[in-house]
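Just below is one structure, and these are the notes that go with it.
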């Protein structure tokens, strides 16, 4: 059974267990799925209100995109776990001979690079959810303003969590070009994500005042 098929209670149990997976990367992807779910909910609530009939079309578009992102985040919960399991498998490779050691070292490096992929995708999709959350915060019904705010907070958490999990993998990667490109990408994600989070919360606070 994949993690995304588990009940919330079961997933919480396995997350708390003393095993490497699921870990922070999986939890970050789940936070992204929740963020996308809330963003879609605000969009649908707005689209269903006669008061906001003039923006129903755009809100339905946002809801559809949020649904797609939610599904991608849920898939990333499992992808993150599988990627880290490949890292552990590489470490279990034999190392008796120089040839074994070289093969093992190469496999470990490849596995760490691959393991940085899913959390990087979480960052990318979280940034998009933040963009959508800003739009529903600005254009959505005021009665769901707090939901838009929580969605943005969860998306920002997913982004930062994804970034941290990329970083921990980068610390073991020897390819300086790969590391440099990833670090630059993370800086951009964090900078843009923080700005969007702050904009959403400012809009939400204004509506709640």
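With only alpha-carbon pairs counted, each pair once and no self-pairs, how large is the Kirkwood hydrodynamic radius of segment 1-80 in angstroms?
Values: mean 1/r = 0.0729 Å⁻¹.
After inverting the pairwise mean of 1/r, the radius is 13.7 Å.
Pick from 77, 14, 150 the residue whose mean-square fluctuation is largest in a GNM of the chain, springs joining Cα atoms under 10 Å.
Looking only at 77, 14, 150, the largest GNM fluctuation is found for 14.
Output the 0 to 90 degree angle, nearest 10, between the alpha-carbon long axis of helix 56-91 and the longest principal axis computed from the alpha carbons of the chain.
Relative to the chain, helix 56-91 is tipped by roughly 20 degrees.
What is the log10 of I(q)/I(0) for the chain, computed with the Debye formula using one identical point scatterer on each Cα and no solvent, at q = 0.12, 0.19 Å⁻¹?
-0.65, -1.22
Rank these for me by crowding, 178, 3, going from fewest to most other beta carbons within 10 Å.
Working: 178 15, 3 19.
In order of increasing Cβ crowding within 10 Å: 178, 3.
To the nearest 10 degrees, how steep is helix 145-170 against the longest Cα principal axis of the chain, on a 0 to 90 scale?
For 145-170 against the chain, the angle is about 10 degrees.
Return the Rg/Rh ratio of segment 40-92 with Cα-based radii and a Kirkwood Rh. Intermediate results must be reported in sequence, preceding the final value.
Details: Rg = 18.5 Å, Rh = 13.2 Å.
In segment 40-92, Rg relative to Rh is 1.40.
Quote the relative contact order of segment 1-123 in percent (integer), defining contacts as alpha-carbon pairs under 8 Å separated by 6+ residues. Walk me through the numbers on the way to the answer.
Details: 114 pairs, mean separation 35.5, N = 123.
Normalised by residue count, the contact order of segment 1-123 is 29 percent.
Just 94, 118, 22 to compare: in a GNM of the chain, with alpha carbon springs under 10 Å, which one fluctuates most?
Among 94, 118, 22, the largest mean-square fluctuation in the Gaussian network model of the chain belongs to 94.
Where does the chain land at 222 nm, in deg cm²/dmol rounded to the nearest 500, when only DSSP H runs of n ≥ 4 count, each adding -39500 (n - 2.57), divided by all residues?
Working: 7 runs with 169 residues, N = 209.
Only helices count here, giving -28500 deg cm²/dmol.
Using only alpha carbon pairs under 8 Å that are at least six residues apart, calculate the relative contact order of the chain and give it in whole percent. Before the final figure, lay out the partial values.
Details: 292 pairs, mean separation 56.6, N = 209.
Normalised by residue count, the contact order of the chain is 27 percent.
If you find the alpha carbon centre of segment 1-75 and of segment 129-169, how far apart are they in angstrom?
Between the Cα centres of segment 1-75 and segment 129-169 lies a distance of 11 Å.
Tell me the angle of helix 176-208 to the major Cα principal axis of the chain, expressed in degrees between 0 and 90 and rounded to the nearest ten.
20
A short reminder: the numbers here are calculations on the coordinates, not readings from a lab. These numbers come from a predicted model, not from an experiment. Here the Cβ is made from the backbone with ideal geometry for all residues, glycine too, and neighbour counts use every protein chain on show.
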